[in-house]
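Inspection log for the structure reproduced underneath, given as structure tokens.
The values are calculated or read from the model by the stated rules, or taken from the named source; none is laboratory data. Bear in mind the structure is a predicted one, so any value in this text is a computation, not a measurement. Using ideal geometry, Cβ is built from the backbone for each residue, glycine included, and neighbour counts are taken over all protein chains shown. To get the accessible areas, we keep the full protein, side chains included, count just its heavy atoms, and leave off ligands, DNA and RNA. Shrake-Rupley method; radii C 1.70, N 1.55, O 1.52, S 1.80 Å.
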Amino acid sequence: MIRFWLFAAAFVLSATCFSQNPVFIDASEIITKGKELYDSGKYKESIAKYLTIPKRDTGYVNMLSELALSYIANEEYDKALASCEEGLKKTSSFRAHFLRSQAIATDRKGDYNKAVQLFMNAIEAYPADFILVYNLGITHYNHKVYEKAVDCFFKVLSINPFHPGSHLNLGRLSAGQGKKTHAMMSFVMYLGLNNSDNERLVFLEKYLANQFTEEGSLPAAGANAFDKLDQIIRAKIAMDKNYKSKIDIDAAIVKQYQMFFDQLETVSSIEDDRWSTYYLPIYRSDKANQMMEPFIFHMLKSANLDVVKKWH
């Protein structure tokens, strides 16, 4: 009788276990939702979402790489470093990602020199990873080590000429230094790659109308092959009513860029000026191929102007 009851109890327990629906975790779906929360600025929520993935899951290391970013954004740098250290113990395709986050978290904690060394070690291991180089440039930029930042951004462009952030930051730096033509060349290359960014387009319009109050607030360094052209742009000669614009839009950005193209042949290439070496051949090619009009209208894509809409 005792055996019978033991058998019956075991049978009921077994049936109960098998009747329960097992919970399946879709790590890729969780990571996607976590990224969406991160992009929305909901860092705590993204962290909570990521932490639902257990260690035994095949997507765990991938999750750790995204978790580190959320911890950094939420200013929990020690937890970010711990996530990186855990991820680096595993062999994975996310190693460069962890090394980058490790360096960023170290910098945010206040150790700039150690962060730079971590970046350098990572770049030595992954020399073709331009995102590592770019983030090192951002680190230098944030610490006002501008020449090293410029080195990094141009190095990125030597690997990937279509990297918007590097063009943008070279433009920001040039605008702060008061190098008008440098800023024009970098900003418009950025807008060529991201012409939906109306905020940057508005900034460039104000900058070329001499309405940027922080112009010249950063120390200028390095050669400038465009001194004379800078003076012409700053004097707003193109804004004079007697200056005939080829495009019927009364905006500084349109008229100043036409002046820029008109004056290109007067500029001498200087090897020490990296803007001259890198950008000048591109713009001269645009001019030679009569691409000024599509160049400007493409840049103006985000402008709420009927003439722009009609052209497109």
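Contact map, the range 57-71: residues that are farther than 12 Å from residue 28 by Cα paired with residues that are outside any helix (DSSP H, G or I) and of a type in the set (Phe, Trp, Tyr), Cβ distance under 7 Å, separation 6+ or inter-chain. Pairs shown: 65/94.
Being in contact (Cβ under 8 Å) with a residue 24 or more places away in the chain, surrounded by 15 or more Cβ atoms within 10 Å (Cβ to Cβ) and over 15 Å from residue 103 (Cβ atoms) holds for only one residue in 133, 150, and it is 150. Of the numbered conditions (1) outside any helix (DSSP H, G or I); (2) within 23 Å of the chain's Cα centre (by Cα); (3) not hydroxyl-bearing (Ser, Thr, Tyr), residue 272 fails exactly one; give the number of that condition. The failed condition is (2). Pairing residues of the range 261-278 that are farther than 20 Å from residue 292 by Cβ and without any contact (Cβ under 8 Å) to a residue 24 or more places away in the chain with residues that are of a type in the set (A, V, I, L, M) and not in a helix (DSSP H, G or I), at Cβ distances under 8 Å and at least 6 apart in sequence or on separate chains, gives 277/270. The residues in the range 117-155 that are among the aliphatic types (A, V, I, L, M) and closer than 22 Å to residue 220 by Cβ can be counted, and the count is 4. Mind listing whichever residues of the range 49-70 are farther than 10 Å from residue 87 by Cα, under 22 Å from the mean Cα position of the chain (by Cα), of a type in the set (A, V, I, L, M, F, W, C) and open to solvent by less than 10 Å² (accessible area, probe 1.4 Å)? 67 - this is the single residue of the range 49-70 that is farther than 10 Å from residue 87 by Cα, under 22 Å from the mean Cα position of the chain (by Cα), of a type in the set (A, V, I, L, M, F, W, C) and open to solvent by less than 10 Å² (accessible area, probe 1.4 Å).
The one condition from (1) part of a helix (DSSP H, G or I); (2) closer than 17 Å to residue 29 by Cβ; (3) open to solvent by less than 10 Å² (accessible area, probe 1.4 Å) that residue 98 does not meet is (2). Evaluate the following for residue 172: is it touching a residue at least 24 places away in the same chain (Cβ under 8 Å), surrounded by fewer than 24 Cβ atoms within 10 Å (Cβ to Cβ) and among the basic types (Lys, Arg)? No, not satisfied. Residues considered: 104, 138. Of these, the only one that is under 17 Å from the mean Cα position of the chain (by Cα), open to solvent by less than 60 Å² (accessible area, probe 1.4 Å) and closer than 21 Å to residue 63 by Cβ is 104.
Of all residues in the range 156-169, those that are of a type outside the set (Val, Ile, Thr), surrounded by fewer than 18 Cβ atoms within 10 Å (Cβ to Cβ) and over 12 Å from the mean Cα position of the chain (by Cα) total 3. Scan the range 182-224 for residues that are at negative phi, among the polar types (S, T, N, Q), surrounded by fewer than 18 Cβ atoms within 10 Å (Cβ to Cβ) and part of a loop (DSSP other than H, G, I, E, B) and the total you get is 5. Taking the numbered list (1) under 15 Å from the mean Cα position of the chain (by Cα); (2) closer than 19 Å to residue 263 by Cα in turn, residue 234 passes all entries but (1). Taking the range 75-91 as the range and being open to solvent by less than 40 Å² (accessible area, probe 1.4 Å) and among the polar types (S, T, N, Q) as the test, only 83 passes.
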